[in-house]
Amino acid sequence: MMEWITQTFALLSTPEWGLAGLLLLGFLSASLLPLSSEPAVLAYLGFHPEYFWLAICFASLGNTLGGALNYWLGAQSLTLWESGNQRGPLLEKQKKIALRMQSVGPPLLLLAWLPIVGDPMCLMAGFLKLPLKPCMAYMAAGKCLRYLILSMGFVSLEPFLKTWALSLWTQLMAWHWAGLGPLGLP
């Protein structure tokens, strides 16, 4: 089992397969699945910083396509809701959210990258039948900016993080070999 995991990680660490993995993970993490694509993007950039822009593009594309799926699911749920006999009133909280989203419109989807609320915002945009093209443009811009800012911060801090992690590891090993605990105590 461990060998299979090692081989899979080795395959995904190659530039070509890693980009495909970022696309897929970006797509899945933008769905309602509880996944996060940011650690994968940063790990990929740690191995292949020369593919900085490609990594951002692939992750953003996958994440935007996942948001588009959520938009489509929202639009389909409206169709199902209207076709059924379930024309009952929306809850007050749902009404407030829908009114707020309609008043702001597609620019609100710049925040579609936010955890917990971003995916439901894409669903709600589809449910409210907000215009598709502006929704997709704002969704893509927000998701791309998130990856860009996060990745630029990581690339600029990477040398410091490597030095810090190495010195921490060295200190922990020194304490271990000296028979001391992590705080230098016996």
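The values are calculated or read from the model by the stated rules, or taken from the named source; none is laboratory data. Predicted, not measured: the structure shown is a model, and the values here were computed from it. No Cβ is skipped: glycine too gets one built from the backbone with ideal geometry, and neighbour counts run over all protein chains shown. Note: accessible area is taken over every heavy atom of the protein model, side chains too, but ligands, DNA and RNA are not part of it. Shrake-Rupley method; radii C 1.70, N 1.55, O 1.52, S 1.80 Å.
Among residues of the stretch 117-146 that are buried (at least 16 other Cβ atoms within 10 Å of the Cβ), those with a beta-carbon under 6 Å from a residue that is not aromatic (Phe, Trp, Tyr) and not in a helix (DSSP H, G or I) at least six positions away or on a different chain give the pairs GLY118/ALA112; ASP119/LEU32; MET121/ALA112; CYS122/ALA112; MET139/ALA112; GLY142/ALA112.
Taken over the stretch 92-116, the criterion of being in contact (Cβ under 8 Å) with a residue 12 or more places away in the chain and open to solvent by less than 80 Å² (accessible area, probe 1.4 Å) is satisfied by ALA98, MET101, GLY105, PRO106, PRO107, LEU108, LEU109, LEU110, LEU111, ALA112. PRO182 meets all of the listed conditions (1) at pLDDT 90 or above; (2) out of contact with any Ser or Thr (no Cβ under 7 Å at 6 or more places or on another chain) but one, namely (1). The C-beta contact set for the stretch 49-74 (first residue over 17 Å from LEU148 (Cβ atoms), second residue open to solvent by 10 Å² or more (accessible area, probe 1.4 Å) and not in a helix (DSSP H, G or I), distance under 7 angstrom, 6+ apart or interchain) comprises GLY66/SER31; LEU69/SER31; ASN70/SER31.
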